[in-house]
Amino acid sequence: MKENNFVSAVVYVHNQETQLTGFLEKINGILAENFAHYEIICVDDYSTDQSVGRIAEFAQKLEGASVSVLHMSYYQGVELSMNGGMDLAIGDFVFEFDKISCEFPGELLMEVYRTCLGGYDIVSAAPARAERWSSRLFYQVYNQAAGRRVMLRTEAFRILSRRAINRVHSLCQSIPYRKAVYASCGLPVETLTYEEQGKRSSMPREEREVRRDMAFNSLILFTNLGYRLSSVLAGLMMLVAMLIGVYTVVIFVSSRPVEGWTTTMLFLSLAFFGVFAMFAIMIKYLSVLIDLVFTKQQYVIEGVEKMN
């Protein structure tokens, strides 16, 4: 018997015509077999190849389900494009595929869905083997700096309940990095691992560059790593300024420096001390402003349980 819940599948597309048809056929076969009602939304991030044509050919053969294409006005990267697709999705549960890859087992889609029904609002599917060294480094740094309960890692796809989507929209005015927001939304989150089947699909060069920029931005926005590093550097420079002041006094007492040298050095050391002290204060203010811009409420709850 098929599931009655309406599900949406949001697929990110950018210049992947050779892999797109097989991927869409794979996820559609699983959705058609298990769900009475579903939709597929392809977010075309300004593809310059025949990706949109492949989607049109696939849609013509499909019966009983809706296929939509969300065209981005210009190339905007995976995060902004997926945000547009998620806003368009109307399903009770929404699958997110932010890359075209067929290396996960097909039955994993339903396993992720049933795990979500079991009490988790966000369930991700992640490969068991190690990711690229750059991804490992980023997630290691991010997880240590963020210090949250949910540890981020490379994921193939995920499913979100409608409650999770509403929660995320209530938390943030904008969503620059979805995984970080999902990890901090306060709802039950789970990750299922799997052994990859076949070779991972390659990522377009343009997309790799955007993801590198996004990784750097997320470290600034969602962790206190930037504040820590800036505070340490400002503290070190303040210490150096203080040592220069002490050194200047010692030289003045123990020898006969050039006239005017002592006052000049003392003035410079105090001035630099003040400048770096102001930098430390400004850095703190900027970190507070970032919290105010990206966070609407000061607390998060997992849910309410009636006891009678």
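The values are calculated or read from the model by the stated rules, or taken from the named source; none is laboratory data. Quick caveat, the model's predicted, so the values are computed rather than measured. Using ideal geometry, Cβ is built from the backbone for each residue, glycine included, and neighbour counts are taken over all protein chains shown. To get the accessible areas, we keep the full protein, side chains included, count just its heavy atoms, and leave off ligands, DNA and RNA. Shrake-Rupley method; radii C 1.70, N 1.55, O 1.52, S 1.80 Å.
Do we have Gly64 as on the phi > 0 side of the Ramachandran plot and open to solvent by less than 20 Å² (accessible area, probe 1.4 Å) here? Full working, then the answer.
Values: on the phi > 0 side of the Ramachandran plot: yes; open to solvent by less than 20 Å² (accessible area, probe 1.4 Å): no.
For Gly64, the condition - on the phi > 0 side of the Ramachandran plot and open to solvent by less than 20 Å² (accessible area, probe 1.4 Å) - is not met.
Considering Gly53, Gly85, Gly118, the condition of being under 25 Å from Thr154 (Cα atoms), out of contact with any strand residue (DSSP E or B) (no Cβ under 7 Å at 6 or more places or on another chain) and not aromatic (Phe, Trp, Tyr) is satisfied by Gly118 alone. Looking only at residues in the range 112-136 that are within 18 Å of Tyr194 (Cα to Cα) and part of a loop (DSSP other than H, G, I, E, B), the one that is modelled with the lowest pLDDT is Ala130. Cβ-Cβ distances below 6 Å connect the following pairs, each with a first residue in the range 47-67 that is touching a residue at least 40 places away in the same chain (Cβ under 8 Å), a second residue that is open to solvent by 40 Å² or more (accessible area, probe 1.4 Å), and a separation of six or more residues or different chains: Ile55/Val69. For Phe35, state whether it is open to solvent by less than 20 Å² (accessible area, probe 1.4 Å), of a type outside the set (Lys, Arg) and more than 16 Å from Phe97 (Cα to Cα). Yes, satisfied.
A count restricted to the range 64-111 and to residues that are in a helix (DSSP H, G or I) and within 30 Å of Phe216 (Cβ to Cβ) stands at 12.
When you scan the range 195-217, do you find a residue that is in contact (Cβ under 8 Å) with a residue 24 or more places away in the chain, assigned to a strand (DSSP E or B) and touching a strand residue (DSSP E or B) at 6+ places or on another chain (Cβ under 7 Å), even just one? No, every residue in the range 195-217 fails to be in contact (Cβ under 8 Å) with a residue 24 or more places away in the chain, assigned to a strand (DSSP E or B) and touching a strand residue (DSSP E or B) at 6+ places or on another chain (Cβ under 7 Å).
Conditions (1) among the aliphatic types (A, V, I, L, M); (2) without any contact (Cβ under 8 Å) to a residue 24 or more places away in the chain; (3) exposed (fewer than 15 other Cβ atoms within 10 Å of the Cβ), marked per residue:
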residue: Ile122; (1), (2), (3): yes, no, no
residue: Ala125; (1), (2), (3): yes, no, no
residue: Trp133; (1), (2), (3): no, yes, yes
residue: Arg162; (1), (2), (3): no, no, no
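Quick one: is Glu79 at pLDDT 85 or above, crowded, with 16+ Cβ neighbours inside 10 Å and either of a type in the set (Phe, Trp, Tyr) or out of contact with any Ser or Thr (no Cβ under 8 Å at 6 or more places or on another chain) (or both)?
Numbers: at pLDDT 85 or above: yes; crowded, with 16+ Cβ neighbours inside 10 Å: yes; either of a type in the set (Phe, Trp, Tyr) or out of contact with any Ser or Thr (no Cβ under 8 Å at 6 or more places or on another chain) (or both): yes.
So Glu79 fits the description; yes.
Close Cβ contacts (under 6 Å, 6 or more residues apart or on different chains) running from residues in the range 12-38 that are of a type in the set (D, E, K, R) to residues that are not in a helix (DSSP H, G or I) comprise Glu17/Asp49; Glu17/Gln50; Lys26/Cys102.
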